[in-house]
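K.L.:
Sharing a structure, written as structure tokens. Questions coming.
Read-outs throughout are calculated quantities, based only on the coordinates presented, and are distinct from any laboratory measurement. No experiment lies behind these values; they were computed from the predicted model shown. Cβ placement follows ideal geometry from the backbone for every residue including glycine, while neighbour counts extend to all protein chains displayed.
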Amino acid sequence: MPPAAGDPNQLQQVFLNLLLNAEQAILGSRVGDCIRIGTATRVEAGTRWVVVEIADNGPGIPEEVLPRIFEPFFTTKEVGEGTGLGLSVSYGIVEQHGGRLTVRSRPGRTAVSVELPATEPAPETSATGAGEPRSAGLGRRALVVDDEPTVIDFLTTLLREAGWQVDVSPGGRAALERLRARGYDLIVSDIRMPDGSGEEFYRAVTAEWGDLAGRFLFITGDTANAAAWKFIEESRVPVLEKPFTPDALLEAVDRLTS
């Protein structure tokens, strides 16, 4: 991982606050038992970013609360349990460092991402031996199936840079209709989605087109879900755990499609 510039004391405050929030959500609700920390890098508009994600499998943040979580003094905790300043202060610290603090949540999973500019410049090309850009996807088509806009942007950018023609679907049901309309050489799919899960999508596809079983790559942040891992083990489909690096994705795609 490249280093990110910043005040270590302030950033320590941010990460400690995010971890405590996740812990309190699990302990207070008695839902969930796992907090995971992941790191990745990405490149956007010539800037290299260091990404740290803190994810828990707790109760999730209610839909009506989510838009307000960065407001000063807003809190869902009982009197005496918090000041309501934690997330708003953390948001301000990350912004002062030129970064971004974002939260995605649904029942059973909350993921908070801290993105900070790296001190090392973005590479001019993807590293594939003699400095040549990846071109494994030239002339081939990929289908990305995910319901998170940031993940979709990340995946489509990387695949298009590698030469793939990319289509996108927000869930398994819509993706199945796309497959019935045209063929794909690669399918990159999340597992948990509201509009048709990755498991349902995979079973429907392989029942209709058995040869597509070997073209799936799953991505997931739901690592604590026993049912999801049972399905992955049974299907033997390659899987990447979120967050993952660009190189990890492209290497997995290369192995799958070479």
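K.L.:
Can you tell me the Rg and the Dmax, both Å, for the Cα atoms in the chain?
P.N.:
Answer for the chain, Rg first and Dmax second: 19.5, 61 Å.
K.L.:
For Gln96 paired with Phe244, estimate the spin-label separation in nm (one decimal), with each label point 7 Å from Cα along the Cα-to-Cβ line.
P.N.:
3.7 nm
K.L.:
Given the alpha-carbon gyration tensor of segment 141-257, what are the semi-axes of its equivalent ellipsoid in whole angstrom, ordered largest first, with each equal to the square root of 5 times an eigenvalue?
P.N.:
Whole-Å semi-axes of the equivalent ellipsoid: 18, 17, 14.
K.L.:
Sticking with this one: So what is the 222 nm mean residue ellipticity for the chain from helices alone, if each DSSP H run of at least 4 adds -39500 (n - 2.57) and you divide by all residues, rounding to the nearest 500 deg cm²/dmol?
P.N.:
-11000 deg cm²/dmol
K.L.:
How big is the charge dipole of the chain about its Cα centre, in debye rounded to the nearest 20, if each Lys and Arg gets +1 on its Cβ and each Asp and Glu gets -1 on its Cβ?
P.N.:
Approximately 420 debye in magnitude.
K.L.:
Calculated FRET efficiency, Phe70 and Gln165, Cβ-Cβ r, R0 51 Å, to nearest 0.05?
P.N.:
0.85
K.L.:
Out of Leu143, Ser90, Thr119, whose Cα points farthest toward the positive end of the dipole of the chain (charges: +1 Lys, Arg; -1 Asp, Glu; placed on Cβ)?
P.N.:
Leu143
K.L.:
Using 0.36 nm per residue of separation minus the Cα-Cα distance, give me the extension gain between Thr257 and Glu177 in nm, one decimal.
P.N.:
My answer for the length gained is 26.5 nm.
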